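A.B. asks: The structure under discussion is supplied below as structure tokens; questions concerning it will follow.
Read-outs: derived from the displayed coordinates by stated rules, not from any lab. Remember, predicted model here, so these are calculated numbers, not experimental data. Cβ atoms come from the backbone with ideal geometry, glycine included; neighbour counts cover every protein chain shown.
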Amino acid sequence: MKINRKKIGLIVVTTFLISIICFGVQTSFSSASPKKPVDTLESAANLQTSAPAVSILVYTQYADDSRELPNTMQAINDSYGTDYYYENLTDYTNLNTNLTGHNILLIPEQEGAADSQLKIIGNAWAGNLSIFINNGGIVILLDHNGGDGGTYHIYNASGLMDIDGAMDITDVNVSLVDGNDPLAINVSSSFFAPNGALSFNTTETTAVVDDGINPMVVHKVSGKGHIVLLGFDFYDSETNCSTILGNSIRLALPSGGDGGGTISFGSYFLIFVIISIFSLVAYQKRRK
């Protein structure tokens with residue numbers, strides 16, 4: 001049987017043109033939606049249009065916004081990157097409204113609040129945090145409060161963890177005790193705790209870093225979400241602590257940050273070309 005060269009030529013040309021169009025669409029989408037970094041606390045509120053992968057609500061009501069809070073956000077930029085959106089929660093009573101749409105609630109050390117106030121906050125947040133975490137949300141709490149802790153009362157009062165107290169461990173050599181935990185990625189096996197670090201007297205057993213007796217870093221999985229307790233406040237920055245915080249943010253990324261297996265335009269383009277080639281070969285065989 002004769003091969004209809006015109007039909008074959010038409011298929012080849014059509015396949016080529018569609019491939020070029022797909023490639024153009026892929027390029028256009030890639031260039032039209034650049035990620036906008038978060039540079040400062042003031043600029044963050046204007047960046048939601050870039051649709052980054054992670055969105056963080058930062059509770060700042062009683063935080064040290066002159067040193068520790070800026071250091072905390074810089075640690076995220078250094079260890080995680082700037083491809084995230086965040087906004088500040090300045091009044092704890094607005095949590096229910098403001099938490100919607102965020103992946104992470106970040107609670108820097110609330111050094112300006114008394115223990116009694118922190119317990120009130122934890123009680124007020126209990127129901128919302130339980131729902132948030134069970135649905136896949138992540139809560140990250142940092143603490144030091146002069147070496148005695150205190151911000152952890154939010155966890156106690158909300159029922160997320162059970163912590164009896166804390167002890168200052170500034171300049172103490174601490175060790176990584178669970179190298180398989182996601183928070184442990186690229187963290188040294190041991191390092192000296194920075195100025196503004198503590199360990200917790202707690203019954204929680206999911207320690208990642210400890211001082212040989214009590215944990216400094218705790219990572220607890222609950223429902224579909226995560227609860228992270230960090231015994232440092234970034235009064236002074238330390239590379240391993242920054243890395244642990246960055247790894248805590250990465251918990252919000254699907255499949256460890258690889259996009260959760262989402263098929264991109266480039267993948268569709270490659271699949272289309274492969275299918276087209278096989279279709280053309282099959283067509284030629286049928287015409288012989």
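A.B. asks: Separation of the stretch 150-199 and the stretch 200-214 by C-alpha centroid, Å?
C.D. replies: 7
A.B. asks: Under 13 Å from a point 7 Å along the Cα-to-Cβ line of THR239: which residues of the stretch 51-85 have their amide N that close?
C.D. replies: 79
A.B. asks: Hey, for a label at ASP171 modelled as a point 7 Å past Cα toward Cβ, could you say which residues of the stretch 144-162 have their backbone N under 20 Å away?
C.D. replies: Within reach of a label on ASP171: 144-149.
A.B. asks: Using 0.36 nm per residue, how much length does the chain from ILE120 to ILE185 gain when fully extended, once their Cα-Cα distance is taken away?
C.D. replies: Result: 19.9 nm gained on full extension.
A.B. asks: Something else: Which of THR202, THR93, THR72, THR170 comes first, and how do the rest follow, when ranked by fewest Cβ neighbours within 10 Å?
C.D. replies: Least to most surrounded, the residues fall as THR93, THR170, THR202, THR72.
A.B. asks: Let me ask something additional. Normalising by the residue count of the stretch 56-261, find the relative contact order in percent from Cα pairs under 8 Å and 6+ residues apart.
C.D. replies: The value is 23 percent.
A.B. asks: Can I ask one more? Going highest first, how would you order 75-84, 172-181 by mean Cβ packing within 10 Å?
C.D. replies: For the peptides 75-84, 172-181, the packing ranking is 75-84, 172-181.
A.B. asks: Please compute the modelled spin-label separation between ASN96 and ASP178, points set 7 Å along Cα→Cβ, answer in nm with one decimal.
C.D. replies: Result for the modelled spin labels: 3.2 nm.
A.B. asks: A further question follows. Among LEU160, LEU89, what is the fewest-to-most ranking by other Cβ atoms within 10 Å?
C.D. replies: In order of increasing Cβ crowding within 10 Å: LEU89, LEU160.
A.B. asks: Taking the beta-carbon count within 10 Å as an exposure proxy, list ARG67, ARG250 from fewest neighbours to most.
C.D. replies: In order of increasing Cβ crowding within 10 Å: ARG67, ARG250.
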